[in-house]
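Beneath this line is the structure, given in structure tokens, with notes to follow.
The values are calculated or read from the model by the stated rules, or taken from the named source; none is laboratory data. Bear in mind that the values here come from a model prediction, so they are computed numbers and not experimental data. Heads up, the Cβs are rebuilt from the backbone with ideal geometry, glycines too, and the neighbour counts pull from every protein chain shown. Areas reflect the complete protein model, heavy atoms only, side chains present, ligands, DNA and RNA absent. Shrake-Rupley method; radii C 1.70, N 1.55, O 1.52, S 1.80 Å.
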Amino acid sequence: MTVTETPDTTAEARPAKLGAVGWARWFWRTLTSMRTALILLFLFALASVPGSIWPQRGVSDAKVAQYHTDSPALAEWLDRLWLFDVFKAPWFAAIYLLLFISLIGCVLPRTAAHLRELRRKPPAAPRNLSRLPQHAVLDGDLTVEEAARRLRKLRFRVITGPGWAAGEKGYLRESGNLLFHVALLGLLISVGVGSLYGYRGNVLVVEGDGFANTVAAYDRYMPGTQVNAESLEPFSFTLEDFQATYIARGEKRGQALDYSARLAVSDRPGAAERTYELKVNEPLDVNGTLTYLIDHGYAPTFKITDGSGQVAFEGAVPCLVVQPATFASECVIKIPDARPRQLGLMIAFLPSAVPTQDGEWTSVFPGAANPAAQVYGAFAGDLGMKDGRPQSVYEIPAEILKKMTPLVMKADPLEVGRKLDLPGGAGSIEFTGVKEWMALQITHDPGRMPALLSAALATVALVFSLTIRRRRVWVRIGDGGAEAGGLTRAEGGDFGEEFARVVAALNHGPNDGAKNAR
Amino acid sequence: MPAEADPTLAALSDQLILVAVLFYVVAMLGYALDLAFGRSSTRSSEAAAPAEEAAAVPAGAALATVGGGVTTAPEKDGDAGAAVTGDAGTGTDAPAGGRGPSPWVLRAGPAAVVLSWIGFALNLGSLLTRGLAAGRWPWGNMYEFVVAMCLAAMGAFLLMQLRYPIRFLGAFVSAAAALGLGFAVHSLHVETGPAMVALNSYWIAIHVSAAIIASGLFIVAGACGVIYLIRHDAAAHLPTREELERVAHRAIVIGFPIWTFAVIAGALWADKAWGRYWGWDPKEVWAFITWVVYAGYLHARATAGWKGKAAMAVQLVAFASLLFNLIGVNIFFEGLHSYAELPG
Ligand code: HEM
């Protein structure tokens, strides 16, 4: 809290021979002292540093996994110290909980004191005003009543006594300060509510496909502990069209200019469909459940015929972008139903394919100007999908590949409509077209509005507490004439300027006084 | 939004920034002369007449505290300095003992202020033309952030010196701005053009502008902090520790709420762009650390035993994390905030 505090001697003087109660009281005093709060504040900052050094789960899971493969022994230790989950770590929680307890312990008594203060009258004028930091002799024949009236005009709270008037203002400083700290507590609670009662999920949707908001439809679903599956907002949509435009020339060639997805949205089962243009920065909002466009890529379509002449696969395959600048992508097709043997294909997708000098192929532009699909690995054999262990759809594990029979290594790229025959009568693969996919994040966070309100309140209160000063002004009128004195209770040097204005107002009345001082 | 940037305007912007650097460098020399000779003459005249009452109102130290004279309106540095020198009986035109500065040195300070206003206008012009060239807000990549931050630091200083006698800071702020611009031009410059898709939002005007303005104020405070720590007790031509503390505190008291607002606006934008309002992305982590440490500074000022040097040190730690967030996080960490577009 930003108000001057005398050294907390009670916190220093440890109880000599006090019982448990004494110790508890000492502990509470120490915890709620300004110095402890300050130290906790620094610890809080320090504790979040590792969160930016090591990759964090929930922010960059892939990098955490990479860390575990690259240096497993170190990663295990880091994990033990929660360094991949800094912001969920018990030691992190300990710091902010202590800080907030300390805050409560500080705010409660001060709120009580402030409420008392608000009802109290300004203190009577000291005997000798010339000893005050600000002092001036007033001219004219001011009366106590007139001085009080003029001070009130300046929005001072005023009392009068025999031959003197006392005014005080700036109570909003402390109110602002207390409110700021309370708002921070509100922010913490809102964040907590959001993580308990909110959920977040990711899903990838290919052009022409749809999504209905149920737990099963997500690729990844992360609910808060208090969320039940029935409470998901029952909306659905279809991705009708995805458009991306890129810069065609110059140093920034290939940088995305804009992208957007046209959705046909149905807010409730059976409700009429509406069209929504989904863009970055413009999420779809269905009753507080928000759908964000966070990524996109290509999903070439293929028709694969197996050795027995049956169509074993037909459809779009989402590819992962390997080179963001050109959208050169890679995808994997696993066909467990292929006969006589299962098939696994690894394909490079090049949206704007050109040959390089060494006989390879590459993409030179992210737009699909000359799309090509290059089968760079086709394998027959057991895909190992029966043992129940979940596999990523984007890769065939190396140890499984080793046991399969390679059919093709690096074929020539196919244009749309072209077909590649697999050797040994294993079938064929036809590149039938190009679609795009979008990656979405869908969130519901009931804490976001309360968090916003708390944060806004904290900022406004902060401005009050930092810019307003508590100040007192006294006027004494005696035989020798009238004089005024003033002081400010908080630091910040320039009360003199305002005091000059007050004096001017006392001399000439508030209105032309204000004019004179400007 | 046009896909092609206007090459004439872009070239104009690049030239304006070079001229701005030139002005800042010359202004810095003017401030340095002022600091070395202009002020010390005031000080030595105070020292020469310690018994005289005027010495109780040290020229620069009067940071708007109108001491005993309630009816005196606060004056600006230059005027106050001249007035005190006069009071002390050593007229500026006839310096005691002939050691005093020649009149043209006394003009170095005001001239430097004028030069830095011109530099500021050029700096602003460069940003505006760059933004116009690309048809968007001119803070879409790291080059532009650094240029804007130099503008904000200079602006914060120039506006504050209208009100408070802090011309002594000019040498440091203009040096920082010149170096910052030089660094931007030399190592960060990229061709202007459309910004990343995620930046196509009115939030860039709110969030990034607030962060830049707050940073400008924090740079002024940081300059005070550095002088405070390297200052010798004997260095009479430098401002006193109390002056430095007061100016730093002023700048932070204004900057901190703006920073708070910038972080909240960032959270609102993140809520629109990334699907969560807070996710501990590296830039968010360091914004948070910066915020907490500046809050720590404000608390330290209010805690017995932490005033003075300790509070200044805290302020400088906060300043370091601010700079780290601007430069280090963009370069070392990969996160959602990777819009810096460093030249490859
Ligand atoms: C909780 C969310 C956010 C926080 C706390 C946050 C914080 C900050 C801070 C402190 C800065 C200034 C740092 C500096 O001096 O370099 C900054 C800069 C910036 N922010 Fe954010 N921000 C948030 C969200 C966003 C979002 C959603 C976007 C855009 C999609 C964004 C775009 C930018 C840009 C372009 C800059 C200037 C570039 C830079 O310094 O790297 N911020 N942000």
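Please determine, in degrees from 0 to 90 and to the nearest 10, the orientation of helix A:20-31 with respect to the longest principal axis defined by the Cα atoms of chain A, where the helix direction is its Cα long axis.
Compared with the principal axis, the helix lies near 80 degrees.
Using bins 10 angstrom wide from zero, how does P(r) for the range A:238-286 break down, in % of all Cα pairs?
24, 39, 23, 11, 4
What total accessible area, in Å², is buried where chains B and A meet, using a 1.4 Å probe and rounding to the nearest 100?
In total, this chain pair buries about 5200 Å².
Dimensions of the range B:118-201 along principal axes (Cα, Å, largest first)?
44, 25, 21
Are there cysteines in chain A with no second cysteine's Cβ under 4.7 Å away, and if so, which?
Taking the Cβ cut-off of 4.7 Å, the unpaired cysteines of chain A are A:CYS106.
Using C-alpha positions alone, give me the convex hull volume of the range B:201-337 per residue in cubic angstrom.
105
Sorted by average packing, counted as other Cβ atoms within 10 angstrom per residue and highest first, what order do B:313-321, A:71-79 take?
Highest to lowest by the protection proxy: B:313-321, A:71-79.
What does the highest-first list of A:231-238, B:153-160 look like by mean Cβ count within 10 Å?
B:153-160, A:231-238
In the range A:356-406, if every C-alpha pair distance is counted and binned at 5 Å from zero, what percent goes to each bin?
Using 5 Å bins, I get a P(r) of 4, 14, 20, 16, 12, 14, 13, 7, 2 for the range A:356-406.
Under the rule of -39500 (n - 2.57) per DSSP H run of 4 or more residues, summed and divided by the residues of the protein assembly as shown, what mean residue ellipticity at 222 nm is obtained, to the nearest 500 deg cm²/dmol?
-14500 deg cm²/dmol
In the range A:351-506, what is the volume of the convex hull around the alpha carbon atoms, normalised per residue and reported in Å³?
Output value, Cα hull per residue: 337 Å³.
How big is the C-alpha Rg of the range A:293-410 next to the rule-of-thumb value 2.2 N^0.38 Å, as a ratio?
Relative to the rule-of-thumb radius for its length, the range A:293-410 sits at 1.12.
Would you mind checking the radius of gyration and Dmax of the range A:134-283 based on alpha-carbon positions, in Å?
31.5, 88
Per 10 Å bin from zero, what fraction in whole % of the C-alpha pairs of the range B:165-271 is there, up to the bin with the longest pair?
Values per bin, smallest distances first: 13, 32, 31, 17, 6, 1.
Between the range A:110-133 and the range B:185-241, what's the alpha-carbon centroid distance in Å?
Each part reduced to its Cα centre gives a spacing of 41 Å.
Treating the Cα atoms of the protein assembly as shown as identical point scatterers in vacuum, please give the log10 of the normalised Debye intensity I(q)/I(0) at q = 0.05, 0.07, 0.08, 0.11 Å⁻¹, two decimals.
Each listed q corresponds, in turn, to -0.40, -0.72, -0.89, -1.37.
Quick one: Debye curve from the alpha-carbon atoms of the range B:255-302 only, equal weights, vacuum; give me log10 I(q)/I(0) at q = 0.17, 0.23 Å⁻¹ to two decimals.
-0.51, -0.80
Report the one residue of B:ALA11, A:ILE294, A:PRO446 whose Cα lies farthest in the direction of the positive end of the charge dipole of the protein assembly as shown (charges on C-beta: Lys and Arg +1, Asp and Glu -1; origin at the Cα centre).
With unit charges placed on the Cβ atoms, the residue in question is A:PRO446.
Spelling out what I want: for every residue of the range A:264-277, take phi, set θ = phi - 60°, compute 6.51 cos²θ - 1.76 cosθ + 1.60 (Karplus), and round to whole Hz; glycine and proline get x.
9, 9, 10, 5, 9, x, x, 6, 5, 7, 10, 8, 10, 8
What order, most packed first, do the peptides A:38-46, A:439-447, A:310-318 have when packing is the mean number of other Cβ atoms within 10 Å of each residue?
In descending order of packing, they fall as A:439-447, A:38-46, A:310-318.
Under a no-solvent Debye model with one identical scatterer per Cα of the range A:67-139, what's log10 I(q)/I(0) at q = 0.15, 0.16, 0.24, 0.28 Å⁻¹?
-0.78, -0.82, -1.03, -1.14
Using a 1.4 Å probe on the protein heavy atoms, what percent of the accessible area of the range A:119-227 belongs to carbon and sulfur?
55
Suppose each label sits 7 Å from its Cα in the direction of the beta carbon; what would the A:LYS403-A:LEU46 distance come out to in nanometres?
5.3
Using a ≥ b ≥ c from the Cα gyration tensor of the range A:325-367 (square roots of the eigenvalues), is it rounded, prolate or oblate, where a/c under 1.5 gives rounded and otherwise the larger of a/b and b/c decides, a/b for prolate?
Here the range A:325-367 falls in the prolate category.
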